[in-house]
1. Using a/c under 1.5 as the rounded threshold, could you call segment 32-81 rounded, prolate or oblate? The axes a ≥ b ≥ c are square roots of the C-alpha gyration tensor eigenvalues, and prolate needs a/b larger than b/c, oblate otherwise.
2. Please work out how much length the chain gains when fully extended from Arg93 to Arg283, using 0.36 nm per residue of separation minus the C-alpha to C-alpha distance, in nm with one decimal.
3. Given segment 5-186 reduced to its alpha-carbon atoms as identical point scatterers, what log10 I(q)/I(0) does the Debye formula return at q = 0.09, 0.11, 0.15, 0.19 Å⁻¹?
4. List the residues whose amide H sits under 5 Å from the amide H of Arg101, counting only those 5 or more places along or on another chain, with H placed 1.01 Å from N in the peptide plane.
5. Which ordering of Trp238, Trp274 is given by a fewest-first count of other beta-carbon atoms within 10 Å?
6. Rounded if a/c is under 1.5, else prolate if a/b is larger than b/c, else oblate: which is segment 124-263, with a ≥ b ≥ c the root eigenvalues of its Cα gyration tensor?
7. When the convex hull of the Cα atoms of the chain is projected onto a plane and the area is averaged over all directions, what value comes out in nm²?
8. Considering the chain, which cysteines have no disulfide-compatible partner, defined as another cysteine with its Cβ under 4.7 Å away?
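Every read-out reported here was derived from the displayed coordinates using simple, explicitly stated rules and does not represent laboratory data. This is a predicted model, so every value here is computed, not measured. Methodologically, a virtual Cβ is constructed for each residue, glycine included, from the backbone with ideal geometry; neighbour enumeration extends over all protein chains shown.
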Amino acid sequence: MVNEKIVVMGASTGGLKALRTILPALPADLPASIFITVHIGAWPSILPEILQKTCALPVKHAVDGEVIEASSVYVAPSDQHMLLADRKIRLSRGPKENFVRPAIDPLFRSAAVEYGSAVIGVVLTGELDDGAAGLRAIYACGGVTLVQSPDTCDAASMPNAAIRATQVDRIVSLNEMGDAITSAVLQLRSPRSLSMSERRNAEIEAAISLTGRSLPAELDKIGTPSKLTCPDCGGVVWQIGDAKPLRYRCHTGHAFSAMSLDHAQAEGVEDALWAAMRRLNERLLLAQEEVNSAPSAMPAMQAKIADIEGARQALQRLLTPKTTAFDEGPSTASGR
């Protein structure tokens, strides 16, 4: 791996299409190792087999402890963060970041710490802003930053967030990204000044992702306690610095940006409203059964039934922007 480059790529919505466009454009003798994280969650993945059909480089799922080989493509397996440490691949079921695992930020951050200026970071199509903080760490450690042009994305949120978060060396259309990566790998670059404070922070967060341990004393070094709580575990949350994207991490290790936190909180609010609707429906059924069993109780129950109906109508108004079939229950959870 001496003098070899490291390419790290992150994608979400529309990622398969993007990767099937980029990888075939890479030469078989590319002097780089390529690492790809896609938001697949815990679902079984055959992504390497799909990508191998049109890629001249060998493509496979990463294996924990594996020694990195040049001119190879490694894909993060289901439900595990893929990181780089001690010149090896490390897999971790550490805390979720931006509510996903595998997440892009842990890969980018660990590559930046381990390989510095030899890293080329690539943010592709996707929702929300996973990858933005990791790309910032790559730039802070001297690496090259590439972002897919938002107008060529199926989902432009991740590229737009990355562009806002850090200095981007090139914004590249999907059809030109393969050539841009090859050029970045082969190009000799002059070193630039590094941000040692951001590198230190990246080291601490990379260790949290790898070990799954997050101590308050370590978080105090990179952030300040906030008034928020973690929606995953209810733990105390630290705001990590003040750079874009605005980010948080709890003392059990969960990490999220303000954008992904707001998204999760909005989903939590909707879930709570549907739970309240269910309870109101059941109260109404109970009240009606009481009347059916004792019709003489109807006058006394009228005010109670009216209150329940009023509450149901109020919830309906809150839920209507999400769906019009408020009595049919919440829709299935949407993916990223």
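1. Judged from the Cα gyration tensor, segment 32-81 comes out oblate (a/c at least 1.5, b/c at or above a/b).
2. Computed gain between Arg93 and Arg283 is 64.2 nm.
3. Rounded to two decimals, the profile gives -0.24, -0.37, -0.73, -1.31.
4. Amide H neighbours of Arg101: Gly41.
5. Neighbour counts put them in this order, fewest first: Trp274, Trp238.
6. Oblate is the answer for segment 124-263, as a/c is 1.5 or above yet b/c matches or exceeds a/b.
7. Over every viewing direction, the Cα hull of the chain projects on average to 20.0 nm².
8. For the chain, the answer is Cys55, Cys141, Cys153, Cys233, because their Cβ atoms have no other cysteine Cβ under 4.7 Å.
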